[in-house]
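Below is one structure, written out as structure tokens; the observations come after it.
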Amino acid sequence: MLSAEDNKRLTEVGAGTFMGELLRRYWHPIAAVGELDENPVKPVRLLGEDLVLYRDRSGTFGLIDRFCAHRRANLMLGIPHTKGLSCHYHGWRFDETGQCIQQPAERRPFCDKVKLKAYPVKVACGAVFAYLGPKPVPELPMWDLMTWDNVEHEIGFIPLPCNWLQSMENAQDTAHQYFLHADFHDYVLERLGRPDLKKRFWRPGDAAEERIQGLVEHEYEVNELGLLLRAAQSNKDKEHPDWTIGRQVAFPTVERAGNDLEIRVPVDDTNMIYFCIRCHWLPPGEKSTQTKIPYYQVPDSIGPDQKIDWSVLDVNGTQDNATWATMGPTVDRTKEMLGDSDRGVVLYRRMLKEQAQIVAEGGEPMNVYRDPEKAKYIHLAAPEEQHYWEYQKLQQLSRNRSFNKFSPIMRERVIKILGEDALKDPIY
Ligand code: FES
Ligand SMILES: [Fe+2]
């Protein structure tokens, strides 16, 4: 349970707020490059700021104020040029530093006096990342699976009408898997008229006796990246990779779950984007030949009328998304009742407060990268990393896993690995 004041301090993301200043020390993904291929200008809202992301005709990306410096026209309708973006209203043109470089309707142009707010962006693994914090700009951390060349990458994302923290608290919540992704999953299948597909939580590729049977112990270790989570199930000993390797949460918004990099993007106080960079393994010896990384938006499972679309809820990813979104815009943490299984959540909140305090006192928080050598490959522990191709093959063909069901790569992979016939039945 938190005081109302603490709840507010932990969830506000605007400039000048306790948490907003901490979150501004990190890079956040704001688009898939593929979106810009379709439309070179994208309105973006990040940390409560309205911005526009564009790619000019020379390929330079810019992230500038959403509203034109002249009479505040919305630059989401702007026109990309060889250099910069021009406002569609009277043609003022801006470059990626926000500098005005043309005022075609002015007899006496005063471009040198006009500059919009602008932020640095970087492109990596098919995604565009933005940094809204103070200079010097830190390195963009390349989390391990963004660098792999023996996989096909894709990006799946979903905007959710809730504060980012209720989603991030899920990363430390080891216990939910055995209920949300097991009992509730079975209930969804019942609602869909497919009780024959019911399961108990398992990872594809696990032998029947390996299937997870209940959580008996969990441990959280604070390390230089964030939190390492270990879990032991009643039918496994502590030699199992769930315990020996554990699962890494990278402070403050990143989690590696299997072959997914799950990133929470704080849009504003009551909106977020769940942004996943996903990997589909290739058979041993094969290298990726992808020239473009596909992207997709995951469908909503809850309609505006609060009607539940059960057909979207038979996968892990949307079960999580629906849970966070239906908790409301900002969870009232003054009313929660925490137990022993919430130790990870408590620890994470404490880290957030400690790191935000460091920023408030003028220091640099954890997990900000200054050394390019260190930033170019950062290993995030995951039990799955020990696994072999046969395991990975089943993992990626499992429809219920993460967002696989919506994946543009999935169908192609199923045909390639298992043949056309495999698509006739749902794959679980
Ligand atoms: S409002 Fe943008 S040029 Fe006039
Ligand atoms: Fe989950």
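Residues with beta-carbon under 13 Å from that of P134, excluding P134: net charge, scoring Lys, Arg +1 and Asp, Glu -1?
Net local charge, P134 excluded: +1.
Could you go through region 147-158 in sequence order and give the Karplus-derived ³J(HN,Hα) for each residue, using 6.51 cos²θ - 1.76 cosθ + 1.60 with θ = phi - 60°, rounded to whole Hz, and x for Gly and Pro?
9, 5, 10, 9, 9, 9, 9, 8, 10, x, 9, 8
Taking θ as phi - 60°, what are the ³J(HN,Hα) couplings along region 112-121 by the Karplus curve (6.51, -1.76, 1.60), each to the nearest whole Hz, with x for Gly and Pro?
Listing the rounded values in order: 4, 9, 10, 9, 8, 4, 8, 10, x, 10 Hz.
Report, in deg cm²/dmol and to the nearest 500, the calculated mean residue ellipticity at 222 nm for the chain, where each DSSP H run with n ≥ 4 adds -39500 (n - 2.57) and the sum is divided by the residue count.
-6000 deg cm²/dmol
Which helices pass in the chain if a helix is a full DSSP H run, must span at least 18 angstrom along its long axis by Cα, and must have mean Kyte-Doolittle hydropathy not below -1.0?
Length and hydropathy pass: 343-360.
What does the highest-first list of 233-241, 104-112 look like by mean Cβ count within 10 Å?
Result, highest mean first: 233-241, 104-112.
So how do 84-91, 20-27 stack up, highest first, on mean other-Cβ count within 10 Å?
20-27, 84-91
If we count every other residue with Cβ under 11 angstrom of M327's Cβ, Lys/Arg +1 and Asp/Glu -1, where does the sum land?
-2
Hey, how many Å between the Cα centroid of region 1-75 and the Cα centroid of region 361-424?
26 Å
Set the Förster distance to 41 Å, then compute FRET efficiency between F179 and Q99 from the Cβ-Cβ distance, nearest 0.05.
The computed FRET efficiency comes out at 0.15.
For the chain, which cysteines have no disulfide-compatible partner, meaning no other cysteine Cβ under 4.7 Å?
C125, C162, C276, C279
Step through the residues of region 243-248 one at a time and calculate ³J(HN,Hα) from phi using the Karplus curve (6.51 cos²θ - 1.76 cosθ + 1.60, θ = phi - 60°), rounding each to whole Hz and writing x for Gly and Pro.
So the J values, rounded to whole Hz, are 9, 5, 9, x, 10, 9.
Would you please classify the overall shape of the chain from the alpha carbon gyration tensor, given that a ≥ b ≥ c denote the square roots of the eigenvalues, rounded means a/c under 1.5, and beyond that prolate means a/b larger than b/c while oblate covers the rest?
Prolate.
Compute the relative contact order of region 223-331 as a whole-number percentage, counting only Cα pairs closer than 8 Å that sit 6 or more residues apart in sequence.
14 percent
Shape of region 1-157 from its Cα gyration tensor (a ≥ b ≥ c, root eigenvalues): rounded if a/c is under 1.5, otherwise prolate when a/b > b/c, or oblate?
It comes out oblate by the Cα gyration axes.
If I model a spin label at N150 and K122 as a point 7 Å from the Cα along the Cα→Cβ vector, what separation in nanometres do I get?
Roughly 2.6 nm, to one decimal.
If we count every other residue with Cβ under 13 angstrom of D149's Cβ, Lys/Arg +1 and Asp/Glu -1, where does the sum land?
-2
Indicate the gyration tensor shape class of region 280-428 (rounded, prolate or oblate), computed on the Cα atoms with a ≥ b ≥ c the square roots of the eigenvalues: a/c under 1.5 is rounded; otherwise a/b larger than b/c is prolate and the rest oblate.
Oblate, since a/c reaches 1.5 and b/c is not below a/b.
Each value in this text was obtained by applying a stated rule to the coordinates, not by laboratory testing. Please read these numbers as outputs of a predicted model, since none were measured by experiment. Please note: Cβ atoms are built from the backbone with ideal geometry, for glycine as well, and neighbour counts cover all protein chains shown.
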